[in-house]
Amino acid sequence: MSDRRDTDQDLAALKQVKAAARQAAFVRRKGAFERQRPGVAGHLAEVLAGYRGVPLAGYMAIRTEIDPLAVMAEAAAHGPVGVPVIQGAGLPLEFSRWHPEGALRDGPFGARVPEVDEYFDPEILIVPLVSFDRSGNRLGYGGGFYDRTLQRLRARRATLAIGFAFDAQEADHLPLEATDQPLDMIVTESRIMDFKR
């Protein structure tokens with residue numbers, strides 16, 4: 001009984017540490033967002049140029065997230081590009097095909113999603129994040145959507161997960177759980193970090 005309580009207490013403490021790390025990262029990201037210059041997605045375009053035609057999914061930036069839209073539009077000229085659609089709490093994301101001029105509707109959490117759902121499994125995911133570290137770990141919003149999704153996709157086939165962030169979102173250390181999925185790469189406005197395992 002004691003072990004279970006300790007585990008529950010440890011998990012509760014970890015969740016508090018993660019919440020504090022998120023708050024600090026949101027402040028750093030907001031500052032970077034306000035200072036950003038044109039061309040922040042240049043390195044992401046460089047990486048994706050080597051994967052032309054490979055099915056990929058990006059995201060529709062919300063709040064102060066770094067925006068991959070221009071790179072997604074370029075990739076859509078060569079192959080399928082999708083955006084995440086939340087199916088429900090505790091479920092992995094599904095990805096609906098996105099077209100640069102396609103009609104969109106409001107989805108959960110303020111993200112826009114295609115009006116017509118055309119689901120597919122991407123082989124590359126451009127992943128939004130709140131914070132990252134130099135080992136390829138990611139701190140998200142806390143819903144576990146990308147962790148569940150990456151686990152599911154990686155169980156089916158090799159899936160390249162590319163975190164896209166501002167340099168200011170880097171942390172020296174991130175609080176991690178066993179279910180947190182690592183990233184294969186992190187791309188910022190100034191660098192490309194490759195962690196392919």
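Throughout, read-outs are computed from the coordinates displayed, never taken from laboratory work. Predicted model only: the values in this text are computed from it and were never measured. Every residue, glycine as well, gets a Cβ built from its backbone with ideal geometry; the counts of neighbours run over all protein chains shown.
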Which parts of segment 148-173 would a label at Gln36 reach, counting a residue when its backbone N lies under 13 Å from a point 7 Å out along Cα-to-Cβ?
-> 164-169
What residues qualify as long-range amide H neighbours of Arg138, i.e. H under 5 Å apart, gap of 5 or more or another chain, H built at 1.01 Å from N?
-> Leu183
Just from its helices, what would the mean residue ellipticity at 222 nm be for the chain, if runs of 4 or more DSSP H residues each count -39500 (n - 2.57) and the sum is divided by every residue, rounded to the nearest 500 deg cm²/dmol?
-> -10500 deg cm²/dmol
Compactness relative to 2.2 N^0.38 Å, alpha carbon Rg of segment 63-170 = 1.05
Using alpha-carbon coordinates, inclination of helix 145-156 to the longest axis of the chain, degrees | 70 degrees
Fluctuation leader among Ile186, Ile162, Ile86 - the chain, Gaussian network, Cα springs under 10 angstrom | Ile86
Net charge, Arg37 excluded, C-beta distance under 14 Å - Lys, Arg +1, Asp, Glu -1 = -3
Take His43, His78 and order them by how many other Cβ atoms sit within 10 Å, fewest up front.
-> His78, His43
Among all the aspartates and glutamates, which ones have a C-alpha under 20 Å from Lys18's C-alpha, if same-chain residues fewer than 8 places away are not counted?
-> Asp6, Asp8, Asp10, Glu65, Asp133, Asp147, Asp167, Glu170, Asp172, Glu177, Asp180
Find out how many positive minus negative residues lie around Gly107, taking Lys and Arg as positive, Asp and Glu as negative, among other residues whose Cβ is under 13 Å from that of Gly107.
-> -2
So, by mean Cβ neighbours within 10 angstrom, what's the order for 133-142, 64-73 with the highest one leading?
-> 64-73, 133-142
Pop out the Kirkwood hydrodynamic radius of segment 1-105 from its pairwise C-alpha distances, inverse of mean 1/r, in Å to one decimal.
-> 16.8 Å
Options (i) 39, 37, 32; (ii) 71, 44, 27; (iii) 57, 34, 34 are given for Cα extents along the principal axes in Å, and the computed one is (iii)
Near Asp172, within a Cβ-to-Cβ distance under 11 Å, what is the net charge of the other residues, with Lys and Arg +1 and Asp and Glu -1?
-> -1
